[in-house]
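The values are calculated or read from the model by the stated rules, or taken from the named source; none is laboratory data. None of the values given here were measured: they were computed from a predicted structure. Cβ placement follows ideal geometry from the backbone for every residue including glycine, while neighbour counts extend to all protein chains displayed. Each accessible area value is taken on the protein alone, full model and side chains, heavy atoms only, with ligands, DNA and RNA left out. Shrake-Rupley method; radii C 1.70, N 1.55, O 1.52, S 1.80 Å.
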Amino acid sequence: MPLLEVESLCVNYGHIEAIRDISFSVERGTITTLIGANGAGKTTTLKTISGLRTVRAGKIIFDGKDITNLPPYERVKLGLSQSPEGRGVFPGMTVRENLDMGAFVRTDTKTPAYKEDLDRVYALFPRLEERAKQVAGTMSGGEQQMVAMGRALMARPKLVLLDEPSMGLAPKLIAQIFSIIDEIKAQGTTVLLVEQNAAQALKRSDTAHILETGEIVRSGTGTELAADGSVKAAYLGGDV
Ligand code: ATP
């Protein structure tokens, strides 16, 4: 059974059909990526899976349970957490407080398991430990991205949704963020990634889907799509 199944999902903003009849699944232990141009519906898809947008039609099944109408915090409790697009941190809180917010649904924050998870996040992002007391709003863009990802991981998710984690970062930092994504997978967390940085994303995707104006137009393994002529021309600037 896949960890996540999205079945015939339709999402509207008023009369605008942002998502039209999308179906895909995410297998356990994999990285699945949604690639697409601006406005294709990638963020809307992630927000709908997190429960921040309501569904017009279709179903979302997580870990065998129909979560289509569950509020977002109930989804976090089941093991689904999201790192939002852009600098989605609580700017007035310290790094450590942001990380603690990620664990808001947990009842074990006084236990060794919680400390282990905090140590795991600090091992992935040593900068966050160094800057634990810094107010998050004063961090650089790349550091805030790390705070947002670390916060999502503090929920101890089975599935983490990452919305454009490399957006706006310098090439060196982009490489670092992608190797952290590899490490998150290696530690057993399933990843659903949205990226405009298609070359880097496809390289490590077990499965990828191309979204165009709210519809999935191509699916395959990352390697297959990276080798496909039309995908190369549209999303990879002609080469990988
Ligand atoms: P980007 O990479 O630019 O973030 P995206 O693929 O994530 O793009 P979405 O943000 O999901 O795309 O947008 C999908 C469509 O829905 C677009 O046509 C967008 O204009 C529209 N849309 C998104 N949010 C809203 C909103 N709050 N109100 C109205 N329309 C919206």
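In sequence order, the range 32-37 has phi-based couplings of 10, 10, 10, 10, x, 6 Hz under the Karplus curve 6.51 cos²θ - 1.76 cosθ + 1.60, θ = phi - 60°, and Gly or Pro positions carry x. Pairs over the 27 Å Cα-Cα cut-off, from the set LYS65/LYS232; LYS42/LYS158; LYS42/LYS77; LYS65/LYS115: LYS65/LYS232; LYS65/LYS115. Remark: the range 63-193 carries a charge dipole of roughly 200 debye about the Cα centre, counting +1 on each Lys and Arg Cβ and -1 on each Asp and Glu Cβ.
In a shell of Cβ-Cβ distance under 15 Å around PRO2, excluding PRO2 itself, what net charge do Lys and Arg (+1) and Asp and Glu (-1) give? Please list the in-between numbers first.
Working: positive: ARG28, LYS59, LYS65, LYS158; negative: GLU5, GLU7, GLU27, ASP63, ASP66, ASP206.
With Lys, Arg at +1 and Asp, Glu at -1, the neighbours total -2.
Using only the Cα atoms of the range 199-240, build the gyration tensor, take square roots of its eigenvalues as a ≥ b ≥ c, and label the shape rounded, prolate or oblate: rounded if a/c is under 1.5, else prolate if a/b is larger than b/c, else oblate. Let's see the in-between values first.
Working: a/c = 1.84, a/b = 1.16, b/c = 1.59.
Verdict is oblate for the range 199-240.
In square angstrom, what is the accessible area per residue of the range 1-82 with a 1.4 angstrom probe?
Numbers: 3630 Å² over 82 residues.
Counting only protein heavy atoms, the per-residue value for the range 1-82 is 44 Å².
For ALA18, the residues 5 or more places off, or on other chains, whose built amide H falls under 5 Å of its own are VAL11, ASN12, TYR13. Assuming R0 = 41 Å, can you tell me the calculated FRET efficiency for the pair THR54 and ALA123, based on Cβ-Cβ distance, to the nearest 0.05? My answer for the efficiency is 0.65.
For the range 117-130, putting each phi into the Karplus relation 6.51 cos²θ - 1.76 cosθ + 1.60 with θ = phi - 60° gives couplings of 5, 5, 5, 5, 5, 5, 5, 5, 10, x, 4, 5, 6, 4 Hz, in residue order, rounded to whole numbers and with x for Gly and Pro.
Computed from the C-beta positions of ALA37 and GLU116 and an R0 of 51 Å, the FRET efficiency is 0.80 to the nearest 0.05. Taken one residue at a time, the phi angles of the range 168-178 give Karplus couplings (6.51, -1.76, 1.60, θ = phi - 60°) of x, 9, 5, x, 5, 5, 4, 4, 5, 4, 5 Hz. Gly and Pro are set to x.
Scanning residues 5 or more positions from ARG28 or on other chains, those with amide H under 5 Å from its amide H are LEU3, with H placed 1.01 Å from N in the peptide plane.
When only Cα pairs below 8 angstrom with a gap of at least 6 residues are kept, the range 1-104 shows a relative contact order of 26 percent. Cross-link partners for LYS133 among the aspartates and glutamates, with Cα-Cα distance under 20 Å and sequence neighbours closer than 8 places in the same chain left out: GLU97, ASP100, GLU116, ASP117, ASP119, GLU143. Only helices enter the 222 nm calculation for the chain: every DSSP H run of n ≥ 4 contributes -39,500 (n - 2.57), and dividing by all residues gives -10500 deg cm²/dmol, rounded to 500.
Which net charge results for the neighbourhood of ILE181, defined as the other residues with beta-carbon distances under 14 angstrom from its beta-carbon, given Lys and Arg at +1 and Asp and Glu at -1?
On the way: positive: LYS185, LYS203, ARG204; negative: ASP163, GLU164, ASP182, GLU183, GLU195, ASP206.
Combined, the nearby Lys, Arg, Asp and Glu give -3.
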